[in-house]
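Only one structure is covered here, and it is reproduced in the block below.
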Amino acid sequence: MHDIRFIREKPAFFDKALARRGLGSVALQLAELDQRRRAAQTAFQEMQAKRNEASRQIGEVKKQGGDAAAQLAEVAALKEALGTAEIQEKALGKEIDDLLMGIPNLPADDVPDGKDETANVELRRNGKPPVFSFAPLEHDAIGERLGLMDFGAAAKLSGARFVVLKGALARLERALAAFMLDLHTGENGYTEINPPFLVRDEALFGTGQLPKFGEDLFRANTGHWLIPTAEVPLTNLVQGEIVDEAQLPLRMTALTPCFRSEAGAAGRDTRGMIRQHQFSKVELVSIAHPDASAAEHERMTACAEMVLQRLGLPYRVMALCCGDMGFSAMKTYDIEVWLPGQNCYREISSCSNCGDFQARRMNARFRGAGDKGTRFVHTLNGSGLAVGRTLVAILENYQQSDGAVLVPEALRPYMGGLDRIVPHV
RNA sequence: GGAAGGGUGGGUGAGUGGCUUAAACCAGCGGUUUGCUAAACCGUCGUAGGAUGUCAAGUCCUACCGGGGGUUCGAAUCCCCCCCCUUCCGCCA
């Protein structure tokens, strides 16, 4: 959500930034609506002032037993105009809000230009893709050969885009999640949170999924929404709050299932575990001081990278261009993991600094010691990491010619000491 | 699901139609006093929007007591709907 005053004061700057996202100009239209709204408001308020004064007189006259007919007539004359003025002012306000709510965050200055993922900029690589003496398989073939990944069974239960994991692969999923949480809570300073997976409209509005992207979500018959990411409950923990400046940054992590309807993704990644209606993810969220959010963004990305380093998975870090960023982000880094079976890098984490965009929607503020007023916090979120896709990466990078899959050293304590997963008989 | 009680500024909490311009206290901020600290005393202290003004200071106005609607000349206060919290009952892992 943008500040209408900012748009009013710097319309050219605002439109220029939106143009980098490939969007047309709206600032002049908004400024014009805003001016009409303020004029309507002034007219309305002047009438209210008159009415209040007359009402006050009525009270006085009546108390002294007099006849207040003149004042009553004055108020009656005002009544109709007052009603229409109020309606007009509210209608203009709603028109402005509806427009504002649909406008994405402005990209930060250092975000690369470009309209789609082909313009993203690679920042760094880590780890070398493994060399195989055989043609590496994709993860679903590996999982099915192990007898521990069953898409047919999942289809029977739930339809397409679901999976059933069994035995060592089910445990591997659990091990990965536990490993990530231990790393982020034990070494990276995040507090573990176990949030609700069903949330109200307000929470999704705060983080920016609503009102525009309801199509991508699942909704329960109670009106609750299934969370598409733990970003929603974690970030909304500060909704409506005034945090002490000394407590910033708040760093939170959570393991949750994520539910996405994948509307509009028909035909994309239909095979395998890459794109599912349900997956688990360890999420990182920071509530930061505005002056510290850029550094926090780098730190968060490094925390996510650390997971891949410990697991020995090759990856690269991409700076998303303006056109490829999500609605609420002012700057985003994607981490892409190497998948030998697909012979390409695939997104496994996305770390975004949302600036004050979500904070404004949520009314999340902080106050410095002794400060009179409050300021909006900055919010950041990142995957640390998507558990399902990490499992995919392990299967593909650690596959052996005999059909077994090695367990990365870091995970062995979480796997009861198991060092390799072998085909199930 | 049933019943009852609640939701008021940063916090506690008073307020049953005009005396509220939301009391009081706490916290905060400024000051006085003071070897230091503490205490005491005095002052100040909500948010948003608008008008005016030199993009200032200031002055004035409006709205805001969980959200929305209604009654009324006038609503924190009365009525209706919704949300949330607490307690009890029922059901339940």
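If you go through segment A:402-421 and keep only what is open to solvent by 60 Å² or more (accessible area, probe 1.4 Å) and at pLDDT below 95, you end up with just A:402.
Here is a yes/no grid of residues against (1) buried (at least 24 other Cβ atoms within 10 Å of the Cβ); (2) within 18 Å of residue A:207 (Cα to Cα):
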site	(1), (2)
A:360	no, yes
A:368	no, no
A:373	no, no
A:381	yes, yes
A:385	yes, no
A:390	yes, no
A:393	yes, no
A:397	yes, no
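Scanning segment A:291-312 for residues that are of a type outside the set (A, V, I, L, M, F, W, C), under 25 Å from residue A:368 (Cα atoms) and open to solvent by 30 Å² or more (accessible area, probe 1.4 Å) gives A:291, A:298, A:299.
Looking across segment A:116-134, the residues that are assigned to a loop (DSSP other than H, G, I, E, B) and either at pLDDT below 90 or more than 30 Å from residue A:3 (Cβ to Cβ) (or both) come down to A:127, A:128, A:129, A:130, A:131, A:132, A:133, A:134.
So which residues in segment A:149-162 are surrounded by 12 or more Cβ atoms within 10 Å (Cβ to Cβ) and either of a type outside the set (A, V, I, L, M, F, W, C) or over 32 Å from the mean Cα position of the chain (by Cα) (or both), if there are any at all? The answer is A:150, A:158, A:161. Looking only at residues of segment A:183-201 that are among the β-branched types (Val, Ile, Thr) and over 16 Å from the mean Cα position of the chain (by Cα), we find that the one that is nearest to residue A:247 (Cα to Cα) is A:191.
Kindly list the number of the only condition in (1) open to solvent by 60 Å² or more (accessible area, probe 1.4 Å); (2) within 8 Å of RNA strand B (Cβ to nearest atom) that fails for residue A:97. Single failed check for residue A:97: (2). Being touching a strand residue (DSSP E or B) at 6+ places or on another chain (Cβ under 8 Å) and modelled with pLDDT of 95 or more is a property that residue A:375 lacks. Quick one: is residue A:90 assigned to a helix (DSSP H, G or I), outside the structural domain of residue A:333 (by TED's automatic domain parsing), out of contact with any helix residue (DSSP H, G or I) (no Cβ under 8 Å at 6 or more places or on another chain) and near RNA strand B (Cβ under 8 Å from one of its atoms)? Answer is yes for this residue.
Filtering segment A:102-119 to residues that are within 14 Å of residue A:329 (Cα to Cα) and in contact (Cβ under 8 Å) with a residue 60 or more places away in the chain leaves A:102, A:103, A:104, A:105, A:106, A:107, A:108, A:110, A:111, A:112. Only one of the numbered conditions (1) closer than 19 Å to residue A:270 by Cα; (2) part of a helix (DSSP H, G or I) is not met by residue A:137, and that is (2). If the condition is being within 13 Å of RNA strand B (Cβ to nearest atom), surrounded by 17 or more Cβ atoms within 10 Å (Cβ to Cβ) and in a helix (DSSP H, G or I), then segment A:1-30 contributes A:4, A:7, A:30.
The values are calculated or read from the model by the stated rules, or taken from the named source; none is laboratory data. Bear in mind that the values here come from a model prediction, so they are computed numbers and not experimental data. FYI the Cβ positions are ideal-geometry reconstructions off the backbone, even for glycines, and counts take in every protein chain you see. Areas reflect the complete protein model, heavy atoms only, side chains present, ligands, DNA and RNA absent. Shrake-Rupley method; radii C 1.70, N 1.55, O 1.52, S 1.80 Å.
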